[in-house]
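Here is the structure we will look at, set down as structure tokens.
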Amino acid sequence: MVVVREASFPEDEAAVSALLEDYLKQTEAEKADHDLTPRAAALPDRYAHEITDPEKSLAGMRVLVASVDGVDRGIIVVSRGAEVSEIKRFWTTPPARGHGVGSALIGEALRHAARPVRLSVWDWREPAIRMYRGLGFSPAVPWDERERLLFLELI
């Protein structure tokens, strides 16, 4: 059974840090695989604050953590601006995929997010893109110039 909870700091700091670190490492490896960045042994410095001090770096954002049998298996981070909510981070551990963890996280996030909700996703992440489109997300006007990012919005 998947349990989704709002992260509480400092109690969830280690879980949030670990999940974000896994997400960021995987993303950087994929970007290197697609020749967007050089392969690096360590994460770029711009991500350090998310891992070392998630409470401060994610202040004002909604952070949800999903667990299965007491083991943290996924995270979603949603920011809310004046006119839009944005899914900033969304990650499930590989063993949790296909077991409802991602669906539980995004379902809970969308239940409480102000519309429209926007997100960006790398174009090679086809399972995620299919999931987003199945939830009703449609193409959006880009807000970032990075190559190979798709921009989606749910109204």
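The values are calculated or read from the model by the stated rules, or taken from the named source; none is laboratory data. These figures come from a predicted structure and were not determined experimentally. Glycine gets a Cβ as well: all are built from the backbone with ideal geometry, and neighbour counts include every protein chain shown.
Here Ala96 fulfils each of the conditions (1) at pLDDT 95 or above; (2) more than 13 Å from the chain's Cα centre (by Cα) apart from (1).
Table: residues versus (1) modelled with pLDDT of 95 or more; (2) among the basic types (Lys, Arg); (3) outside any loop (DSSP other than H, G, I, E, B); (4) buried (at least 16 other Cβ atoms within 10 Å of the Cβ).
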site	(1), (2), (3), (4)
Val121	yes, no, yes, yes
Trp124	yes, no, no, no
Ile129	yes, no, yes, yes
Asp144	no, no, no, no
Glu147	no, no, no, no
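Looking only at the range 53-64, filter to residues that are under 17 Å from Leu24 (Cβ atoms) and free of Cβ contacts under 8 Å to residues at least 12 places away in the same chain; which one of those is surrounded by the fewest Cβ atoms within 10 Å (Cβ to Cβ)? Across the range 53-64, the extreme among qualifying residues is Lys56.
Which residues, counting only those in the range 86-112, are touching a Lys or Arg at 6+ places or on another chain (Cβ under 8 Å) and among the small types (Gly, Ala, Ser)? Of everything in the range 86-112, those that are touching a Lys or Arg at 6+ places or on another chain (Cβ under 8 Å) and among the small types (Gly, Ala, Ser) turn out to be Ala96, Ala109. Regarding the range 8-25, can at least one residue be identified that is surrounded by fewer than 16 Cβ atoms within 10 Å (Cβ to Cβ), hydroxyl-bearing (Ser, Thr, Tyr) and more than 21 Å from Trp124 (Cα to Cα)? Yes: one or more hits.
Any idea how many residues of the range 1-29 are closer than 17 Å to Pro95 by Cβ and assigned to a helix (DSSP H, G or I)? Spell out how you get there, then give the answer.
First, pick out the residues of the range 1-29 that are closer than 17 Å to Pro95 by Cβ: 1-3, 15, 18-19, 21-23, 25-26.
Those still in the list that are assigned to a helix (DSSP H, G or I) too: 15, 18-19, 21-23, 25-26.
Count: 8.
If the condition is being crowded, with 17+ Cβ neighbours inside 10 Å and either over 16 Å from the mean Cα position of the chain (by Cα) or acidic (Asp, Glu) (or both), then the range 65-76 contributes Val68, Asp72. The number of residues in the range 101-119 that are crowded, with 18+ Cβ neighbours inside 10 Å and either charged (D, E, K, R) or assigned to a strand (DSSP E or B) (or both) comes to 4. Among the residues of the range 65-85, not a single one is polar (S, T, N, Q), in contact (Cβ under 8 Å) with a residue 40 or more places away in the chain, in contact with a Lys or Arg (Cβ under 9 Å, 6 or more places away or on another chain) and assigned to a loop (DSSP other than H, G, I, E, B).
Within the range 30-49, restricting attention to residues that are in a helix (DSSP H, G or I) and modelled with pLDDT of 95 or more, which residue is surrounded by the fewest Cβ atoms within 10 Å (Cβ to Cβ)? Break it down stepwise before answering.
Just the residues of the range 30-49 that are in a helix (DSSP H, G or I), to begin with: 30-33, 45-49.
So of that shortlist, the ones also modelled with pLDDT of 95 or more come out as 30-33.
Details: Glu30: 14, Lys31: 19, Ala32: 13, Asp33: 11.
Filtering first and then ranking leaves Asp33.
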